[in-house]
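Remarks on the structure that follows.
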Amino acid sequence: MKAAAMLVAQRMYSKFASESVPRLATQLIHADNINNRVTDVAPPINVSTTYRYDNNELVAWTERSGANDLDFWNQTPIYSRLSHPNSVRLETVFSKILQGHSVVYSSGLAAFFAALMFYHPKNLFIDQCYHGCHGIANILARNGYANKRSHNEIESMAEPGDIVHLETPVNPYGTSYNISEFAKKAHDKGALLMVDSTFAPPPLQYCWDFGADIIMHSATKYFGGHSDLLSGVLTVKDEKTSQLLKEDRIYLGTNVANLESFMLLRSLRTFEMRITKQSKNATDLVAFLASNKDTKFNKVIENITHFSLQKESDFVKKQLIGGYNPVFSLSLKKSEQCKKLTKKLRYFQHATSLGGIESLVEWRALTDPYIDQNLIRVSTGCEDIDDLIADLDRALTELQNEIEP
Ligand SMILES: *Cc1c(COP(=O)(O)O)cnc(C)c1O
């Protein structure tokens, strides 16, 4: 059986194999038991940048074979830019839950940058996605490192070794692209497909099943989940590549920070509960809004975009096997209503970013001159769904009933 097919089979039939293959929630809590160094149940916060050598085990650099060096660093902290106890734990957990070989970084953008430095594509095919990824693509293009191209140039311009970058579900709409279709387009040209799966981490979406070659996440979002840390993760299929990425990371200086690594590890323990609730809450919110859009809120809501409303084809059902993504967008009739809505809401705080336990809305025109100027992005949190619906219902009803000036 092909590796990807086997992973699907394991997930689907794991109730029969539950003793041999722990499920996601268990991995989040126990995968890093193998990294225990002390008897503490909660792993300690390690703030040290440097670690004492074991004077009874001194082996000169030239006497260690290259391949073993990284194992050595993983097991023996030396200097925190290389690795530290909680960055190693994070990599153990991420490698299990993302089903590959994971490397952690100081932010999502640091992960994206590291991938481009490592693969060094001649062309980078990038379209609608997180603005920061465009920012990096622009820097690389400016310095003659990689040409920046759009997705509709893949067929005519892609060459072996190039990278197609696909963000799905995509910011800020919360709608999805067909990963398999992009994998085929890239692979037909010998290019690699990198998927930014930040908006739908497992158990919502498993990108390997659709042909991704590299998966990236901003761990700042759902994995961190509390709007209090920055981190990113790259996952690849082979161990050798992950080791080379770790080696590059030493010199890029982009390992996850000590304190952040502890907080992210702590966050991961409850990740499955959070993402499952956020996904369910978002699905219910969108259903509520969609059913009232043309009646109760017909003077306020122009359009709603979310994967759950995407009807076009089979891939929609297959791609998000674990539930819909917790981000969606509303387009209101007037930009004045956007400003008023953010003021009226009680539980949806007006701020950028997403993925935290607290629900947020953002009038995107504040930071994006190119986007639909009436667009409100909603990041659904873990509050009680009845309270979230009541909050939106009240605020939208007030807007609906406002007398025209
Ligand atoms: C936030 C985000 C990033 C960048 O991650 P940082 O951790 O902020 O560097 C990249 N991609 C997507 C989809 C994001 O939402």
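Working note: Cα atoms of the chain, range along each principal axis, descending, whole Å: 80, 54, 44.
Seen from Thr235, the other residues with C-beta closer than 13 Å to its C-beta sum to a net charge of -2, counting Lys and Arg as +1 and Asp and Glu as -1.
Nearest 20 debye, what's the magnitude of the dipole of the chain about its Cα centre given +1 on Lys and Arg Cβ and -1 on Asp and Glu Cβ? Don't skip to the end; give the middle numbers.
Working: 43 positive and 46 negative charges, 55 e Å.
With Lys and Arg at +1 and Asp and Glu at -1, about 260 debye.
Could you give the Stokes-Einstein D for the stretch 41-179 in µm² per second, using the C-alpha Kirkwood radius, 20 °C, 1.002 mPa s? Please report the intermediate quantities before stating the final value.
Values: Rh = 18.2 Å.
In µm²/s, the coefficient is 118.
Of all accessible surface on the stretch 290-405 at a 1.4 Å probe, what whole percent is carbon and sulfur? So the carbon and sulfur contribution to the accessible surface is 51 percent. Each of Lys296 and Leu259 was given a label point 7 Å from its Cα along the Cα-to-Cβ line. The distance between the two points is 4.4 nm. The eigenvalues of the Cα gyration tensor, multiplied by 5 and square-rooted, give the stretch 220-354 an equivalent ellipsoid with semi-axes of 36, 20, 14 Å from largest to smallest.
Over the stretch 55-148, with every protein chain in place, what whole percent of the accessible area is carbon and sulfur at 1.4 Å, could you tell me? Please report the intermediate quantities before stating the final value.
On the way: 2150 of 4270 Å².
Within the stretch 55-148, the accessible surface is 50 percent carbon and sulfur.
Dividing the helix sum by the residues of the chain, where each DSSP H run of 4 or more adds -39500 (n - 2.57), gives a mean residue ellipticity at 222 nm of -12000 deg cm²/dmol. Pairs of lysines in the stretch 310-405 whose Cα atoms sit within less than 24 Å of one another amount to 5, provided the residues are eight or more positions apart or on different chains. For the stretch 294-386, chymotrypsin sites (Phe, Trp or Tyr not before Pro) are listed when DSSP marks them as loop and at most 13 other Cβ atoms sit within 10 Å of their Cβ; the list is Tyr370. Taking Ser242, Ser80, Ser48 in turn, the Gaussian network model of the chain (Cα-Cα springs below 10 Å) assigns the largest fluctuation to Ser48. For the stretch 287-397, the spherically averaged projection of the C-alpha convex hull amounts to 7.3 nm². Among Thr92, Thr168, Thr62, the residue with the largest mean-square fluctuation in a Gaussian network model of the chain, with springs joining Cα atoms closer than 10 Å, is Thr62.
Per residue, how much space in cubic angstrom lies within the convex hull of the C-alpha atoms of the stretch 103-179? Provide the component values of the computation, followed by the final result.
Numbers: hull volume 8.0 nm³, N = 77.
Roughly 104 Å³ of hull volume per residue.
If both residues of a DSSP beta bridge must be in the chain, then about 60% of such bridges are antiparallel. Annotation note: GluC sites (Glu not before Pro) in the stretch 301-367 located in DSSP loop regions with a Cβ neighbour count of at most 11 within 10 Å are Glu312.
Considering only Thr76, Ser107, Pro202, and ranking their Cα positions along the charge dipole of the chain that arises from unit charges at the beta-carbon of Lys, Arg, Asp and Glu, the one farthest toward the positive end is Pro202. In angstrom, the C-alpha Rg and Dmax of the stretch 77-119 are 11.1, 28. Modelled label positions at Thr397 and Ala25, each set 7 Å beyond Cα in the direction of Cβ, lie 3.5 nm from each other.
For the pair Asn55 and Lys184, what calculated FRET efficiency results from E = 1/(1 + (r/R0)^6), where r is the Cβ-Cβ distance and R0 = 56 Å, to the nearest 0.05?
Values: r = 56 Å, r/R0 = 1.00.
Approximately 0.50, to the nearest 0.05.
Would you rank Met263, Met273 by solvent-accessible area, highest first, keeping every protein chain in place and using a 1.4 Å probe? Each step should come with its number before you reach the end.
Values: Met263 65, Met273 125 Å².
Sorted descending by solvent-accessible area, the residues read Met273, Met263.
For the options Val47, Val21, Val59, a Gaussian network treatment of the chain with springs between C-alpha atoms closer than 10 Å singles out Val59 as fluctuating the most. Each principal axis of the stretch 311-354 carries a Cα extent, and these read 38, 22, 15 Å when sorted largest first.
Accessible area per residue for the chain in Å², computed with a 1.4 Å probe and the full protein assembly in place, what is it?
Values: 18940 Å² over 405 residues.
For the chain, the solvent-accessible area averages 47 Å² per residue.
The values are calculated or read from the model by the stated rules, or taken from the named source; none is laboratory data. Everything numeric here is computed off the predicted structure, so don't read it as measured data. Methodologically, a virtual Cβ is constructed for each residue, glycine included, from the backbone with ideal geometry; neighbour enumeration extends over all protein chains shown. Calculation scope for accessible area: heavy atoms of the full protein, side chains included, ligands and nucleic acids excluded. Shrake-Rupley method; radii C 1.70, N 1.55, O 1.52, S 1.80 Å.
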